[in-house]
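Q: Here it is: the structure, laid out below.
The values are calculated or read from the model by the stated rules, or taken from the named source; none is laboratory data. Quick caveat: nothing in here was measured; it's all calculated off a predicted structure. No Cβ is skipped: glycine too gets one built from the backbone with ideal geometry, and neighbour counts run over all protein chains shown. In case anyone asks, the SASA skips ligands and DNA or RNA and just uses the protein heavy atoms, side chains included. Shrake-Rupley method; radii C 1.70, N 1.55, O 1.52, S 1.80 Å.
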Amino acid sequence: MGSSDCQHSGSESSPFLSDKSAKVFVAGHRGLVGSAIVRKLQSLGFANLVLRTHSELDLTRQADVESFFAAEKPDFVILAAAKVGGIHANNTYPADFIAINLQIQTNVIDSAYKHGVKKLLFLGSSCIYPKLAPQPIPEDALLTGPLEPTNEWYAVAKIAGIKMCQGYRIQYSWDAISGMPTNLYGPNDNFHPENSHVLPALMRRFHEAKVNGDKEVVVWGTGSPLREFLHVDDLADAVVFMMEEYSGLEHLNVGSGKEVTIKELAELVKEVVGFEGELVWDSSKPDGTPRKLMDSSKLLGMGWKPKVSLREGLVDTYKWYTANAITKQ
Ligand SMILES: NC(=O)C1=CN([C@@H]2O[C@H](COP(=O)(O)OP(=O)(O)OC[C@H]3O[C@@H](n4cnc5c(N)ncnc54)[C@H](OP(=O)(O)O)[C@@H]3O)[C@@H](O)[C@H]2O)C=CC1
Ligand SMILES: C[C@H]1O[C@H](OP(=O)(O)OP(=O)(O)OC[C@H]2O[C@@H](n3cnc4c(=O)[nH]c(N)nc43)[C@H](O)[C@@H]2O)[C@@H](O)[C@@H](O)C1=O
């Protein structure tokens, strides 16, 4: 189907919260972010969620994605499916991070437009910004300098996703928006020992050390990088807020506004888990970007605000981890 044959009204914006029977496709619904969005939508009374596991629908397969949209015709799409990982995974599998993410987002965004979806929200990441961006990082720092080398392939794919949403809005007046979350954590995170992000990696390592009676736990890098963490339930809240309130060309930052050093984070996770041994720093591992605190004042100015403190969020996540001791690859 050519873009001119699309089944789209061309209207600028459609209310989201007023029709709880609308069909909402949450792509990636079993992941950290997708599962939190599903919990949030269900709590609001959305009764017609369209969900597919990776094995039911591989979003890298263009023909399958087209057939899915043609058959299901969702009203709204929230794109939380992606190839995701921490600093080691990004650094080790650059081909996967650029190719899979470009394929998923290109297929989903283009098919959603062609099959009459009223509004789509694309999720990027704070790694889209230059390694040495001004802090806190405003949205207009995008494409003003070189990227952090450990995740530039992922970042380039995410920047392409923002630009694709902007291109479809400009050319077709289609309501595609982008949110850029900071580092996230919470239930259903990936706790893989090497491929995960720092917070779940440390939670698992401290937990296993406590259970095994180990005296030391290794933490990567120097401990000096600063990171901003947001509980995934706050992000899910922001996603629903943006679906309802925002229809603009520019992507929006979504952060907690609070940053900690990796050393402070490690001490806090250690305390929440109850590990009593020592930390050992492995400086052969990369630190990544020195600091990435986002300026989320645009979203805050519209009325959204985060609710979960890092300590509360860690306690909640550790409860979930111990009750659901699972590991994702
Ligand atoms: N986690 C974080 O700290 C941050 C995440 N984000 C963004 O949020 C979004 C979601 O991330 P997050 O929830 O953490 O990631 P997860 O890895 O937890 O979840 C990703 C989901 O996407 C699915 N998926 C991956 N590949 C495919 C595919 N080819 N076809 C169908 N489904 C697929 C996965 O299924 P399966 O596991 O079966 O492959 C999984 O359910 C991403 O866009 C990410 O960039 C942004 C900033 C920070
Ligand atoms: C969300 C974001 O996530 C990634 O960027 P990152 O913020 O650098 O992610 P990270 O959580 O993996 O590391 C944060 C810091 O923590 C240190 N660190 C210590 N000990 C462990 C550890 O055990 N595991 C990990 N992963 N890091 C550790 C680590 O050395 C680094 O200094 C991007 O690739 C990109 O995908 C992206 O967008």
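Q: Would you mind giving the three semi-axes, in whole Å and largest first, of the ellipsoid equivalent to the stretch 2-160 according to its Cα gyration tensor? Write down the numbers at each step before the final one.
A: Working: eigenvalues 160, 63, 57 Å².
Here the semi-axes work out to 28, 18, 17 Å.
Q: Here's another thing I want to ask about it. Students sometimes get this wrong: rank Ser196, Ser297 by accessible area, probe 1.4 Å, all chains present, largest first. Before the final figure, lay out each step's value.
A: Values: Ser196 5, Ser297 65 Å².
My answer, sorted largest first, is Ser297, Ser196.
Q: Just grab the label-to-label distance for Leu279 and Ala323, each label 7 Å out from Cα along the Cβ direction, in nm (one decimal).
A: Output for this residue pair reads 2.8 nm.
Q: Loop-only check: which GluC sites (Glu not before Pro) in the stretch 5-108 are DSSP coil with at most 15 other Cβ within 10 angstrom? Walk me through the numbers before you get to the answer.
A: Numbers: sites: Glu12, Glu56, Glu66, Glu72; in loops: Glu12, Glu56.
Answer by residue number: Glu12, Glu56.
Q: Can you work out ³J(HN,Hα) from phi for every residue in the stretch 229-240, in order, using Karplus 6.51 cos²θ - 1.76 cosθ + 1.60 and θ = phi - 60°, giving whole Hz and x for Gly and Pro?
A: 10, 10, 5, 5, 5, 5, 5, 4, 4, 5, 4, 5
Q: A further question follows. Please compute, over every Cα-Cα pair in the chain, the percentage with a separation greater than 38 angstrom.
A: Result: 13 percent of Cα pairs exceed 38 Å.
Q: Now for a different question. What is the Cα radius of gyration of the stretch 237-329 over 2.2 N^0.38 Å, N being its residue count? Provide the component values of the computation, followed by the final result.
A: Working: Rg = 17.1 Å, N = 93, 2.2 N^0.38 = 12.3 Å.
The stretch 237-329 yields a ratio of 1.39.
Q: Amide H of Ala133: which non-local residues (sequence gap of 5 or more, or other chain) have their own amide H closer than 5 Å, using H built in the peptide plane?
A: When sequence neighbours closer than 5 places are left aside, there are no close amide H contacts.
Q: Grab the beta carbon distance between Glu245 and Lys20, set R0 = 22 Å, and tell me the FRET efficiency rounded to 0.05.
A: Numbers: r = 17 Å, r/R0 = 0.78.
For R0 = 22 Å, the calculated efficiency reads 0.80.
Q: With the Cα gyration tensor of the stretch 119-162 in hand, convert its eigenvalues to equivalent ellipsoid semi-axes via √(5λ) and list them largest first in whole Å. Present the calculation step by step, with values, prior to reporting the outcome.
A: Values: eigenvalues 62, 35, 12 Å².
In descending order the semi-axes read 18, 13, 8 Å.
Q: Shifting gears a bit: If each DSSP helix of 4+ residues adds -39,500 (n - 2.57) and the sum is divided by the residues in the chain, what number results at 222 nm, nearest 500 deg cm²/dmol?
A: Details: 10 runs with 132 residues, N = 329.
Calculated from helices alone, the mean residue ellipticity at 222 nm is -13000 deg cm²/dmol.
Q: Moving to a separate point now. Show me, for the stretch 316-323, the HN-Hα J-couplings you get by feeding each phi into the Karplus relation (A = 6.51, B = -1.76, C = 1.60, θ = phi - 60°), rounded to Hz, glycine and proline as x.
A: Taking θ as phi minus 60°, the curve returns 4, 5, 5, 4, 4, 4, 6, 7 Hz for the stretch 316-323.
Q: Quick one: if the Förster radius is 25 Å, what FRET efficiency do Glu208 and Ser55 give, using the C-beta to C-beta distance and rounding to 0.05?
A: Details: r = 29 Å, r/R0 = 1.17.
Efficiency, rounded to the nearest 0.05: 0.30.
Q: To continue, here is another question. Quantify how much of the Cα-Cα distance distribution of the stretch 125-257 extends past 25 Å, in percent.
A: Values: 3237 of 8778 pairs.
Value for the stretch 125-257: 37 percent of Cα pairs lie more than 25 Å apart.
Q: Here is a further query. Once amide H atoms are placed 1.01 Å from N in the peptide plane, what residues at a sequence separation of 5 or more from Lys258, or on another chain, have their amide H within under 5 Å of its amide H?
A: Under 5 Å from the amide H of Lys258 lie the amide H atoms of Phe229, each far enough along the sequence or on another chain.
Q: Cα centroids of the stretch 39-81 and the stretch 244-270: how far apart, whole angstrom?
A: The distance from the Cα centre of the stretch 39-81 to that of the stretch 244-270 comes to 26 Å.
Q: Using 0.36 nm times the number of residues separating Ser297 and Leu132, minus their current alpha carbon distance, what extension gain do you get?
A: Values: separation 165, 0.36 × 165 = 59.40 nm, distance 1.99 nm.
Computed gain between Ser297 and Leu132 is 57.4 nm.
Q: Obtain the nm distance between the two label points defined at Ala95 and Arg311 by a simple spin-label model: each point lies 7 Å from its Cα along the Cα-to-C-beta direction.
A: Those two pseudo-labels are separated by 4.8 nm.
Q: Hey, can you grab everything whose amide H is under 5 Å from the amide H of Ser196? Only 5+ residues off in sequence or another chain; H modelled, so Pro and N-termini drop out.
A: Amide H neighbours of Ser196, under 5 Å, 5+ apart: Gly86.
Q: Run the accessible area of the chain with a 1.4 Å probe and give the carbon-and-sulfur part as a rounded percent. Don't jump to the answer; show the numbers that get you there.
A: On the way: 7100 of 13760 Å².
Answer for the chain: carbon and sulfur cover 52 percent of the accessible area.
Q: Could you report the chain's accessible area per residue, 1.4 Å probe, as an integer in Å²? Present the calculation step by step, with values, prior to reporting the outcome.
A: Details: 13760 Å² over 329 residues.
Roughly 42 Å² per residue, with all protein chains present.
Q: For the chain, give the magnitude of the charge dipole about the Cα centre (Cβ charges: +1 Lys/Arg, -1 Asp/Glu; no others), in debye to the nearest 20. Please report the intermediate quantities before stating the final value.
A: Details: 33 positive and 39 negative charges, 55 e Å.
My answer is approximately 260 debye.
Q: Could I have the simple spin-label model distance between Gln62 and Glu271, label points 7 Å from Cα toward Cβ, reported in nm to one decimal?
A: Result: 5.3 nm between the two label points.
Q: Tell me the GluC sites (Glu not before Pro) within the stretch 174-248 that lie in a loop according to DSSP and have at most 12 other beta-carbon atoms within 10 Å. It would help to have the intermediate numbers written out before the result.
A: Values: sites: Glu194, Glu208, Glu216, Glu228, Glu244, Glu245; in loops: Glu194.
Sparse-neighbourhood loop GluC sites (Glu not before Pro): Glu194.
Q: Using the Cα centre of the chain as origin and beta-carbon charges of +1 (Lys, Arg) and -1 (Asp, Glu), tell me which of Val254, Ala70, Ala27 is placed farthest towards the positive end of the dipole.
A: Going by the charge dipole, the pick is Ala70.
Q: If you fit an axis through the alpha-carbon atoms of helix 262-273 and take the longest principal axis of the Cα set of the chain, what angle between them do you get, 0 to 90°, nearest 10?
A: That helix lies at roughly 80 degrees to the long axis.
Q: Determine the gain in length on full extension of the stretch Ala70-Ser173; use 0.36 nm per residue of separation and subtract their C-alpha separation, reporting nm with one decimal.
A: 35.0 nm
Q: What dipole magnitude, in Debye to the nearest 20, does the stretch 30-83 give about its Cα centre under +1 on Lys/Arg Cβ and -1 on Asp/Glu Cβ? Don't skip to the end; give the middle numbers.
A: Values: 7 positive and 6 negative charges, 59 e Å.
Charge dipole of the stretch 30-83: 280 debye, to the nearest 20.
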